[in-house]
Amino acid sequence: MASQVKGFTRVIKAAGYSLKGLKAAWVNEAAFRQESVAAIIAIFIAFYLDISYIDRILLVSSVVLVAIVELLNSAIEAVVDRIGSEYHELSGRAKDIGSAAVFVSIGLALFIWALVLWQRYFSG
């Protein structure tokens, strides 16, 4: 019977797998690289702005959410591509839905940024 990794060793191994996944996404996914650079810039802007902590949390978390959804979308695409290169309706649907999730998360981030900035700088 194989022994299971437990405790702190499991946490260290899981962190290693996570870093490996981030590296794979960075190397293989142009969209992840672009969204990551945009997120880093947006986070710097969020900390530069004279806004409340709650507004800052909203701005930062909205762009981090885009990166999270992009990672999940990339994972879906990798699994679908691993299964086969021939077109299948369900494979196309899975990829389209993953892409839609990224699109919705970007829309949410833009909405949050617009609302926070409008409230702070334009609503008087």
Relative contact order as a percentage, the stretch 29-121, C-alpha pairs under 8 Å and 6+ apart, gives 34
Candidates Leu108, Leu65, Leu90; GNM for the chain (alpha-carbon contacts under 10 Å) flags as most fluctuating Leu90
Ranked by GNM mean-square fluctuation in the chain (Cα springs under 10 Å), the top entry among Leu19, Leu110, Leu58 is Leu19
If every Lys and Arg gets +1 and every Asp and Glu gets -1 at its Cβ, then about the Cα centre the chain yields a dipole, in debye to the nearest 20, of 580
Note: the stretch 2-41 at 25 °C, 0.890 mPa s; Kirkwood Rh on alpha carbon pairs; Stokes-Einstein D in µm²/s works out to 208
In whole percent, the fraction of accessible protein surface over the stretch 29-121 that belongs to carbon or sulfur atoms, probe radius 1.4 Å, stands at 72
Of all GluC sites (Glu not before Pro) in the stretch 55-113, the ones in DSSP coil with at most 12 other Cβ atoms within 10 Å are Glu86
Here D for the stretch 75-124, in µm²/s, from Stokes-Einstein with a Kirkwood Rh over Cα pairs at 10 °C and 1.306 mPa s, works out to 121
Other residues with Cβ under 10 Å from the Cβ of Val116 give, with Lys and Arg +1 and Asp and Glu -1, a net charge of +1
Dividing the helical contributions, -39500 (n - 2.57) per DSSP H run of n ≥ 4, by the residues of the chain yields a 222 nm value, nearest 500 deg cm²/dmol, of -30000 deg cm²/dmol
Here the stretch 46-57 yields Karplus 3J(HN,Hα) values (6.51, -1.76, 1.60; θ = phi - 60°; whole Hz; Gly and Pro given as x) of 4, 7, 7, 5, 8, 9, 6, 4, 5, 4, 4, 4
The answer for chymotrypsin sites (Phe, Trp or Tyr not before Pro) in the stretch 24-89 that fall in a DSSP coil and have at most 13 neighbouring Cβ atoms within 10 Å is Tyr87
Per residue, the convex hull enclosing the alpha carbons of the stretch 1-111 has a volume in Å³ of 151
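The values are calculated or read from the model by the stated rules, or taken from the named source; none is laboratory data. Bear in mind that the values here come from a model prediction, so they are computed numbers and not experimental data. Positions of Cβ are backbone-derived with ideal geometry, glycine not excepted, and every protein chain shown enters the neighbour counts. Just the protein is used for accessible areas: all its heavy atoms, side chains included, with ligands, DNA and RNA removed. Shrake-Rupley method; radii C 1.70, N 1.55, O 1.52, S 1.80 Å.
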